[in-house]
Amino acid sequence: SWRLISGVLAAGLVYAGIAPTPATAAGGPNLAAGRTAAASGSNGQYTAGNVTDGNQATYWESPNHVFPQWVQVDLGSSVSIDQVVLKLPSGWETRTQTLSVQGGANGSTFGTLSAPAGRVFNPASGNTVTINFTAESVRYVRVNVTANTGWPAGQVGEFEVYGATGDTQPPTAPGGTNLAAGKSI
């Protein structure tokens, strides 16, 4: 009976001009955009908040000559993620940062999403590094930097987080009417 109900509901959505949105991995919106960011430390005006401001030219920089250093984003609630995209200002020279990506539920205990590795930021590729990993449900996402060949500090311009996307709200008709409201199944 659940299949019948699901089929009828889906057919009703298509008929109403609303197609259900399938879940996709490593896609959809940047889940970190505008979110709160924190860091183990910052160098002057190069604070953690710069990594989620949507401007690749602004950046976080850790204190000089002190590794490891980290920057993290609070996604607001647990969500399944499987990709992080890191950017540095596009005109900077090539550098390799050794870093890992970590995830956690509470902002203080983290598991490894992507093991430490040298990540090459090259202006020929927009100084962008994409890191894919097995999907995990986390609220906090952290980049832990242990070395940088271009400067004696951790540096991140933009910290983008992507994952499984899809419609998790009850379906609505045009105009915002909840099609499932008041219905018993």
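Per-structure values
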read-out: Per residue solvent-accessible surface (Å²) - segment 30-106, probe of 1.4 Å; value: 41 Å²
read-out: Gap separating the Cα centres of segment 67-108 and segment 115-166, nearest whole Å; value: 5 Å
read-out: Added length on full extension, which subtracts the Cα-Cα distance from 0.36 nm per residue, T94 to S78; value: 2.3 nm
read-out: Exposure ranking of S125, S62 by accessible area [1.4 Å probe, largest first]; value: S125, S62
read-out: Spin-label pair T36/A147, simplified geometry with 7 Å Cα→Cβ offset, distance in nm; value: 3.5 nm
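The values are calculated or read from the model by the stated rules, or taken from the named source; none is laboratory data. This structure is a prediction, so every number in the text was calculated from the model and none was measured. All Cβ positions, glycine included, derive from the backbone under ideal geometry; neighbour counts span all protein chains shown. Quick note on the areas: whole protein, heavy atoms, side chains included, nothing else; ligands and nucleic acids left out. Shrake-Rupley method; radii C 1.70, N 1.55, O 1.52, S 1.80 Å.
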